[in-house]
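These notes concern the structure reproduced below.
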Amino acid sequence: MEKQFQGKVAIVTGGSFGIGRTTAIAFAKRGAKVVISDWVEDSETLNLINSFNGEATFVKCDVSKPEDVKAMIDKTISLYGRLDYAFNNAGIEGATASTQDCSESNWEKTIGINLKGVWLCMKYEIPHMMKQGKGAIVNNASVAGLVGFPGLPAYVAAKHGVLGLTKNAALENAKSGVRVNAVCPGVIKTPMVDRLTGQNKEVEKQFESMEPIGRMGQPEEVAEAVIWLCSDSASFVTGIAMAVDGGWVAQ
């Protein structure tokens, strides 16, 4: 595989599982030094990267806490001296409930991680990228940032907010060399979706039937979109919400 990111440094939040783990591995396979961040200390992603002699570091971080995010960025700069790419991926689905039944605690936690967390990450990432005169950020939104998803009001509100925040940051930094985009995954076979389906085969089939392509997506398919958005091949792309959704929002 071409080492297109040799000498570069990438941060992946929510990197212990699912799309985050797969994207961290994709960056490392292309030569980037990767800072894996999560609030769950899991060595599996590190072990997988080490298995092909990639370079990675784990930093425990709750992205809803500014002191954690600042410490994560500071450690990245201290270790590697630069920051080229960031995949702000950390997120939770929150509790399932209607808008009127959504608890205040669920609202605050979901918004805190899924929206405030993305803002905090960009708040501390962008200044370092601006100093370099170049950088690329990809925020993980969702098809639920493009359309409604009954039963997940806090999640849907947060993911719509991520897209607004992405566009705003993209415009603010359009002339600085820092590009900001978002990916909007559909139903991807990850631990989060497994929690939503309970790994019940009949429920999984219902989710698959919602996808025009007729199946769930794989984390690797989202990772490839993130890699492209960070690459020089996407040098004229900023402020977009890229649906990686098997045709979901085209319906």
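The values are calculated or read from the model by the stated rules, or taken from the named source; none is laboratory data. Given the structure is predicted, the values throughout are model-derived calculations rather than measurements. When we count neighbours, we look across all protein chains shown, and the Cβ atoms used for this are built from the backbone with ideal geometry, even at glycine.
For the subset of segment 58-94 comprising residues that are among the small types (Gly, Ala, Ser) and surrounded by 15 or more Cβ atoms within 10 Å (Cβ to Cβ), which member is farthest from the chain's Cα centre (by Cα)?
This residue is Ala71.
Of the residues that make up segment 232-245, is at least one touching an Asp or Glu at 6+ places or on another chain (Cβ under 9 Å), among the charged types (D, E, K, R) and buried (at least 20 other Cβ atoms within 10 Å of the Cβ)?
Yes: segment 232-245 contains one or more residues that are touching an Asp or Glu at 6+ places or on another chain (Cβ under 9 Å), among the charged types (D, E, K, R) and buried (at least 20 other Cβ atoms within 10 Å of the Cβ).
Is there a residue being on the phi < 0 side of the Ramachandran plot, acidic (Asp, Glu), assigned to a helix (DSSP H, G or I) and modelled with pLDDT under 95 anywhere in segment 186-195?
Yes.
So if I check each of Val178, Val183, Val147, Val156, which one is more than 24 Å from Cys61 (Cα to Cα) and either among the aliphatic types (A, V, I, L, M) or touching a residue at least 12 places away in the same chain (Cβ under 8 Å) (or both)?
Answer to the check: Val147.
Of the conditions (1) closer than 26 Å to Ala241 by Cβ; (2) touching a residue at least 24 places away in the same chain (Cβ under 8 Å), Leu79 fails just one. Which one is it?
With respect to (1) closer than 26 Å to Ala241 by Cβ; (2) touching a residue at least 24 places away in the same chain (Cβ under 8 Å), Leu79 is out only on (1).
Working carefully through the options Ala169, Ala182, find the one that is in a helix (DSSP H, G or I), in contact with a helix residue (DSSP H, G or I) (Cβ under 8 Å, 6 or more places away or on another chain) and of a type in the set (A, V, I, L, M).
Within the list Ala169, Ala182, the selection yields Ala169.
Just to check your reading of the model, which residue among Val162, Val203 is touching a residue at least 24 places away in the same chain (Cβ under 8 Å) and either outside any strand (DSSP E or B) or farther than 18 Å from Phe87 by Cβ (or both)?
Val162
From the set of residues in segment 39-66 that are in contact with a strand residue (DSSP E or B) (Cβ under 8 Å, 6 or more places away or on another chain) and small (Gly, Ala, Ser), which is farthest from Ala24 (Cα to Cα)?
The residue in question is Ser43.
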